[in-house]
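The block underneath contains the structure these notes are about, expressed in structure tokens.
Computed from the coordinates by the stated procedures, all read-outs in this text should not be read as laboratory data. A quick note: this is a predicted structure, and the numbers were derived from the prediction, not measured. All Cβ positions, even for glycine, are placed from backbone atoms using ideal geometry, and neighbour counts span all protein chains on display.
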Amino acid sequence: MGLGNQEISVTDLTAFREEVRAWLGENCPDGVKGPGEVHSGSTKLSFEPDTQLWMERMAERGWTVATWPKEYGGGGLSVEESQVLNEEMSRIGARPPLMNMGTRMLGPTLLEYGTEDQKKKHLTAIAQGRAAWCQGYSEPGAGSDLAGLRCRAEDKGDYFLINGQKTWTSGAQHADWMFCLVRTDFDVPKHQGISFVLLPMDQDGISVRPIDLISGISPFCETFLDNAIAEKQDLVGQINDGWTVGKRLLQHERSGQGGLGTAATRPLPVGVTVDLNVEEVGMEYLPGDGRISDPTLRDEVIAWNMRSAAFKSTQRRAGEEVKDGKTQGEATSVFKLYGATLARDRQDLILQLMGSQGLGWEGEAFSADEVGATRSWLASKAVTIYGGTNEVQANIIAKRVLGLPD
Ligand SMILES: Cc1cc2nc3c(=O)[nH]c(=O)nc-3n(C[C@H](O)[C@H](O)[C@H](O)COP(=O)(O)OP(=O)(O)OC[C@H]3O[C@@H](n4cnc5c(N)ncnc54)[C@H](O)[C@@H]3O)c2cc1C
């Protein structure tokens with residue numbers, strides 16, 4: 001087993017596992033076992049006492065971001081050690097202590113591109129659950145063509161003055177900070193005039209308007225920047241080279257979206273009475289012995305299971321091939337595309353298996369799980385859009401992975 005120059009023996013890992021198991025036994029509150037709330041780091045929200053306690057205890061050990069260096073609030077664990085930690089948490093059903101765009105996207109990007117001051121300031125706050133981040137990329141006229149963005153940042157010496165609009169900004173209403181792509185030069189080819197800046201959400205120049213969905217919830221917002229300010233010290237990477245940083249962040253985002261913890265591989269939510277294992281499928285909904293009577297649907301279920309198993313194995317192999325644990329480059333698009341498609345197809349299948357019980361929106365005729373399944377099906381339509389659509393991933397794979405001509 002190897003990690004760069006560092007060799008970790010099986011004995012070390014066994015001792016580490018015992019230490020982790022004992023520590024979790026003493027420190028993991030019962031209230032964070034099983035499905036439920038996960039701390040988002042937002043200072044604008046309050047969390048259940050056990051969720052808060054769990055985050056704080058894990059943060060103290062650096063295990064909210066276990067592989068980050070200790071000097072930035074991480075645990076300094078090797079990839080193998082963090083796998084052990086994850087396995088031990090799964091064993092007792094513990095939820096992640098902290099999860100947000102800082103832990104998954106901005107943090108890994110700052111580790112690669114941030115200055116020492118940026119790492120100390122922002123990574124430590126993220127690790128300790130003191131800052132939730134949102135992503136200011138998309139604009140009304142720039143989605144798939146992200147490099148066409150027009151949010152303008154003027155250089156004012158110590159700071160940038162920013163004017164423009166972002167949209168689909170997930171969690172902006174609860175975020176403390178935003179990482180944002182802005183245009184700092186309008187007179188060069190579009191990819192070359194973009195910069196990557198960090199700015200606090202609590203300032204007069206920023207206002208957010210939540211976008212209501214038909215379900216009544218608001219996962220994202222329109223974000224207006226009217227003379228908003230980003231300090232010069234919060235420019236990440238070089239001026240006008242924000243595309244390099246922004247693209248790398250998307251790879252971290254996509255690696256999470258196409259990762260092993262997604263719906264493409266995840267067991268069904270607790271309480272949903274259908275399962276994609278043929279033997280167990282929808283006993284409540286299917287007549288007779290519980291087998292799926294429709295042979296076409298039976299084939300589809302088996303095909304999905306096979307695709308999911310192959311996806312899992314490929315993910316594991318790809319993970320093992322990356323020795324330093326770093327997120328892959330353009331190849332993340334392969335996993336995003338395939339994982340998102342699998343996740344969407346899974347919800348389609350669940351609905352088909354549920355028959356008319358899968359069409360519940362509200363009312364006594366449907367259980368909470370059934371209503372939940374219908375809403376999950378609707379939500380699954382977004383998976384092939386956020387982080388870059390399936391078509392965009394296919395374009396990246398064609399050009400950057402397979403080297404096909406434009
Ligand atoms: C749930 C959700 C959360 C989101 N959260 C955020 C967020 O936090 N921050 C943020 O910045 N953005 C966020 N987004 C926005 C997301 O990144 C964009 O929706 C996405 O990039 C697509 O852009 P668009 O919506 O403008 O669609 P468009 O770019 O207008 O695309 C419309 C259709 O045309 C296709 N298309 C476009 N160009 C091409 C091409 N060259 N080749 C082939 N097909 C093409 C697309 O695949 C798509 O099917 C979120 C989106 C969703 C659904």
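Data overview
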quantity	calculated
Net lengthening on full extension, Ile211/Ala309 (0.36 nm per residue, minus Cα-Cα)	31.6 nm
Most mobile listed residue (Ala132, Ala15, Ala379) in the chain, GNM with C-alpha springs under 10 Å	Ala15
Rounded, prolate or oblate (a/c below 1.5 giving rounded, otherwise prolate when a/b exceeds b/c) for the range 133-241 by Cα gyration tensor	oblate
Summed residue charge, Cβ within 11 Å of Tyr159's Cβ, Lys/Arg positive, Asp/Glu negative	-3
Axial C-alpha extent at least 30 Å, average Kyte-Doolittle at least -0.5 - helices from the chain (DSSP)	332-354
Contact order normalised by residue count of the chain, Cα under 8 Å, 6+ apart, percent	12
Likely footprinting exposure, Lys166, Lys190, fewest C-beta neighbours within 10 Å first	Lys190, Lys166
Ellipticity estimate at 222 nm from DSSP helix runs (n ≥ 4, -39,500 (n - 2.57)) divided over the chain, nearest 500	-11000 deg cm²/dmol
Order of Arg298, Arg254, Arg316 under a 10 Å beta carbon neighbour criterion, fewest first	Arg316, Arg298, Arg254
The chain: most fluctuating residue of Ser255, Ser356, Ser42 per GNM, C-alpha cutoff 10 Å	Ser356
Selection from Leu235, Gly62, Gly102, by position along the positive dipole direction of the chain (Cβ)	Leu235
Compactness index (Cα Rg / 2.2 N^0.38 Å), the range 326-367	1.80
Dipole magnitude of the range 2-99 about its Cα centre (Cβ charges: Lys, Arg +1; Asp, Glu -1), debye to nearest 20	260
Lysines whose Cα lies under 19 Å from that of Lys381, excluding same-chain neighbours fewer than 8 positions away	Lys336
Full-extension gain in nm, Ile385 to Thr115, via 0.36 nm per residue minus C-alpha separation	94.0 nm
Among Pro295, Gly141, Ala379 - extreme Cα towards positive end, dipole of the chain, charges at beta-carbon	Gly141
Potential lengthening between Ala15 and Asn395 on full extension [0.36 nm per residue; Cα-Cα distance subtracted]	132.2 nm
Sites Thr296 and Lys33, calculated FRET efficiency, Cβ-Cβ separation with R0 35 Å, nearest 0.05	0.35
Ordering of 242-253, 20-31 by packing [mean C-beta count within 10 Å, highest first]	242-253, 20-31
Among Thr64, Thr296, Thr384: highest mean-square fluctuation, GNM of the chain, C-alpha pairs under 10 Å	Thr296
Net dipole in debye of the chain [+1 Lys, Arg Cβ; -1 Asp, Glu Cβ; about Cα centre; nearest 20]	740
Positive-end residue, the range 22-61 charge dipole about Cα centroid, Cβ charges, pick of Ser40, Gln52, Gly25	Ser40
Ranked Trp133, Trp361, criterion: other C-beta atoms within 10 Å, fewest first	Trp361, Trp133
Out-of-range pairs (alpha-carbon distance over 23 Å; input Lys119/Lys166; Lys190/Lys399; Lys70/Lys312; Lys121/Lys232; Lys166/Lys399; Lys312/Lys399)	Lys119/Lys166; Lys70/Lys312; Lys166/Lys399; Lys312/Lys399
FRET efficiency estimate (nearest 0.05) - Cβ-Cβ, Val371 to Val188, R0 41 angstrom	0.20
